[in-house]
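The values are calculated or read from the model by the stated rules, or taken from the named source; none is laboratory data. Since this is a predicted model, take the numbers as computed values, not measurements. Here the Cβ is made from the backbone with ideal geometry for all residues, glycine too, and neighbour counts use every protein chain on show. Remember, those area values only see protein heavy atoms, side chains included, never the ligands or the DNA or RNA. Shrake-Rupley method; radii C 1.70, N 1.55, O 1.52, S 1.80 Å.
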Amino acid sequence: MLNKQRLNYLFAPVIAKTLDLNFNMELTYRPFELELKHPFTIAKFSRTSTPLMLLEIKHEGYIGYGEASMVPYMGESQQTATEFLKKVDVSQFKYPFDFGAIIHYLDSIEPGNPAIKAAVDIALHDLEGKIKQQPCWQILGSDPAKMPLTSYTVGIDTPEILIEKLKDAGDCRIIKVKLGRGSDKQLINTIRSVTNASLFVDANQGWTDLQQSLDMTYWLHEQGVLLIEQPMLKTDLDSNAWLTERSPIPIIGDEAVQRLPDVSRAKGVYHGINVKLMKSAGMHEAYQMILKAKELGLKVLMGCMSETSCATLAAAALAPQCDWADLDGPLLTSNNPFKMPEFRDGKWVLSGKSGLGLDE
């Protein structure tokens with residue numbers, strides 16, 4: 001197996017060709033291994049780091065930053081991201097940016113690959129904001145005063161380690177708990193032994209028995225749980241819909257809701273959807289998903305993968321338009337290559353800086 005130094009050498013910053021002399025745009029990218037503060041365990045796997053691709057798009061002194069977080073279950077890697085970016089023709093990106101046309105172009109290159117497409121989309125949004133000298137949240141019509149509280153995620157672990165993890169929650173007022181391995185009540189009881197904070201729970205498709213699942217929703221409701229993400233297999237629409245109809249807690253589709261067409265299919269199956277930029281191929285389509293969900297009467301959770309400040313600020317630009325937020329990426333990692341954004345009273349604080357507002 002290649003060590004990280006060797007991997008970084010093989011993937012030394014790559015410069016894509018500058019094809020449009022009139023716009024003079026340049027795309028560069030490099031791999032990055034994001035280290036987690038604690039091993040992260042969910043219903044089906046565990047990991048200690050997440051492979052990223054960090055991306056820059058430059059134009060006449062402006063730099064737009066983007067990020068692809070490629071968690072293993074999504075099927076992307078630094079290798080697949082590199083191969084995709086080699087096919088990207090930067091001359092396709094004309095200013096002012098037509099983001100609908102851009103995502104159509106990226107989809108035409110190759111299906112799938114939403115995380116690396118998100119990196120391109122995020123970088124172009126950051127670049128647009130800097131050119132306009134406006135924050136991305138303002139361009140997208142968000143109100144910083146409506147920023148929801150963000151949750152702090154703890155993976156499945158022993159009671160002793162779980163309590164240690166909770167000490168890192170800091171100012172977060174909501175704890176998100178990973179469930180689905182048969183120890184659900186023990187995990188909740190452990191958390192309740194040290195905090196009365198509101199809870200989100202995520203079963204990551206780990207529940208299988210309908211009646212037990214329904215009984216669990218009522219028990220979790222008594223424990224102060226505000227929502228439940230993806231309780232059953234994403235392909236089992238009938239079971240998820242049955243549980244949604246009877247649950248006293250909102251049931252949120254996560255793995256079942258990837259991109260815009262999935263939002264309409266979520267109606268009647270879930271109470272709401274989890275929008276993540278790494279699933280939606282970026283900020284543009286995430287915004288369209290939020291609008292579609294509101295049209296259909298679905299609640300929206302703005303979520304994340306393991307991410308740096310870059311993707312977190314991109315999602316935070318849209319979070320005020322959502323009902324809940326789970327944007328704890330930088331809080332769970334130990335080697336964030338960017339400055340930590342301002343986090344106060346359990347919320348990310350949107351600045352007046354242009355673009356994403358990202359500081360290196």
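Would you pick out the residues in segment 327-360 that are crowded, with 21+ Cβ neighbours inside 10 Å and acidic (Asp, Glu)? Residue satisfying the conditions is ASP328 alone. Scanning segment 187-209 for residues that are over 16 Å from THR150 (Cβ atoms), assigned to a loop (DSSP other than H, G, I, E, B), out of contact with any Leu (no Cβ under 6 Å at 6 or more places or on another chain) and not β-branched (Val, Ile, Thr) yields SER193, ASN196, ASN204, GLY206, TRP207, ASP209. Residues in segment 210-232 that are part of a loop (DSSP other than H, G, I, E, B) and either under 21 Å from CYS172 (Cβ atoms) or modelled with pLDDT under 95 (or both): GLN223, GLY224. Restricting the search to segment 221-259, which residues are more than 20 Å from the chain's Cα centre (by Cα) and of a type in the set (D, E, K, R)? Hits for segment 221-259 are GLU222, ASP236, ASP238, GLU245, ARG246.
Looking at segment 103-120, can you tell me whether even one residue there is more than 23 Å from PRO261 (Cα to Cα) and either buried (at least 24 other Cβ atoms within 10 Å of the Cβ) or modelled with pLDDT of 95 or more (or both)? For segment 103-120, residues more than 23 Å from PRO261 (Cα to Cα) and either buried (at least 24 other Cβ atoms within 10 Å of the Cβ) or modelled with pLDDT of 95 or more (or both): absent. Filtered by the rule that a residue be of a type in the set (Gly, Ala, Ser) and either in a helix (DSSP H, G or I) or more than 16 Å from GLU285 (Cβ to Cβ) (or both), segment 89-140 gives SER91, GLY100, ALA101, SER108, ALA115, ALA118, ALA119, ALA123, GLY129.
The set of residues in segment 141-165 that are closer than 15 Å to LYS353 by Cβ and assigned to a loop (DSSP other than H, G, I, E, B) contains only SER142.
Restricting to segment 177-186, what's the tally of residues that are touching a strand residue (DSSP E or B) at 6+ places or on another chain (Cβ under 6 Å) and either in a helix (DSSP H, G or I) or closer than 16 Å to HIS221 by Cβ (or both)?
Counting residues in segment 177-186 that are touching a strand residue (DSSP E or B) at 6+ places or on another chain (Cβ under 6 Å) and either in a helix (DSSP H, G or I) or closer than 16 Å to HIS221 by Cβ (or both) gives 2.
Out of all the residues in segment 198-209, which are of a type in the set (A, V, I, L, M) and at pLDDT below 95? Residue satisfying the conditions is ALA203 alone. Are any of the residues in segment 250-264 surrounded by fewer than 16 Cβ atoms within 10 Å (Cβ to Cβ), touching a residue at least 12 places away in the same chain (Cβ under 8 Å) and within 21 Å of LYS176 (Cβ to Cβ)? Among the residues of segment 250-264, not one is surrounded by fewer than 16 Cβ atoms within 10 Å (Cβ to Cβ), touching a residue at least 12 places away in the same chain (Cβ under 8 Å) and within 21 Å of LYS176 (Cβ to Cβ), which makes the answer no.
For CYS172, the conditions (1) part of a helix (DSSP H, G or I); (2) under 30 Å from TYR287 (Cβ atoms); (3) touching a Gly at 6+ places or on another chain (Cβ under 9 Å) all hold with the exception of (1).
Of the residues in segment 74-93, none is over 25 Å from GLY180 (Cβ atoms), of a type in the set (Gly, Ala, Ser) and open to solvent by 40 Å² or more (accessible area, probe 1.4 Å). Of the residues making up segment 128-183, those that are surrounded by fewer than 19 Cβ atoms within 10 Å (Cβ to Cβ), among the β-branched types (Val, Ile, Thr) and farther than 28 Å from PRO320 by Cβ are THR158, ILE161, ILE163.
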